[in-house]
Amino acid sequence: MSRIAFFIFNSLRTPVILMTALAGEMARLHGFESGAIDYVAKPVRPRDVVRRIEHVLSAAHVSASAPTAQAESAPPEALPS
């Protein structure tokens, strides 16, 4: 995983939906262990993807009122360039 992706997943708590051609169980587990909120394997149905995005955004909106202290206190050098 790239340094920027690791920072996004673990520091900012940005909701991430992985969309990939890898449909195997191990790939899904790795995606969730990496911090993904959802995992969509191709081929996808556009309506399903829209509903998943809406669900993630509504959950993120609820938790947005309490941002993580870790993201707020991240030193400038920890931010991706």
Taking the condition under 22 Å from Ser11 (Cβ atoms), at pLDDT 75 or above, out of contact with any helix residue (DSSP H, G or I) (no Cβ under 9 Å at 6 or more places or on another chain) and surrounded by 10 or more Cβ atoms within 10 Å (Cβ to Cβ), does Val56 pass? yes
Could you please tell me which pairs satisfy a Cβ distance under 9 Å, a separation of 6+ or placement on different chains, a first residue in the stretch 29-50 that is in a helix (DSSP H, G or I), and a second residue that is of a type in the set (Asp, Glu) and at pLDDT 85 or above? Gly31/Asp38; Phe32/Asp38
Starting from residues that are surrounded by 13 or more Cβ atoms within 10 Å (Cβ to Cβ) and of a type in the set (Gly, Ala, Ser), keep the ones in the stretch 17-50 and report whichever is farthest from Ile4 (Cα to Cα). Ala41
Looking only at residues that are under 25 Å from His61 (Cα atoms) and part of a loop (DSSP other than H, G, I, E, B) in the stretch 15-28, which one is farthest from the chain's Cα centre (by Cα)? Pro15
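Determine which member of the set Ser34, Ser65 is at pLDDT 70 or above and of a type in the set (Gly, Ala, Ser).
Values: Ser65 fails: at pLDDT 70 or above.
Exactly one of Ser34, Ser65 is at pLDDT 70 or above and of a type in the set (Gly, Ala, Ser), namely Ser34.
The values are calculated or read from the model by the stated rules, or taken from the named source; none is laboratory data. Remember, predicted model here, so these are calculated numbers, not experimental data. Heads up, the Cβs are rebuilt from the backbone with ideal geometry, glycines too, and the neighbour counts pull from every protein chain shown.
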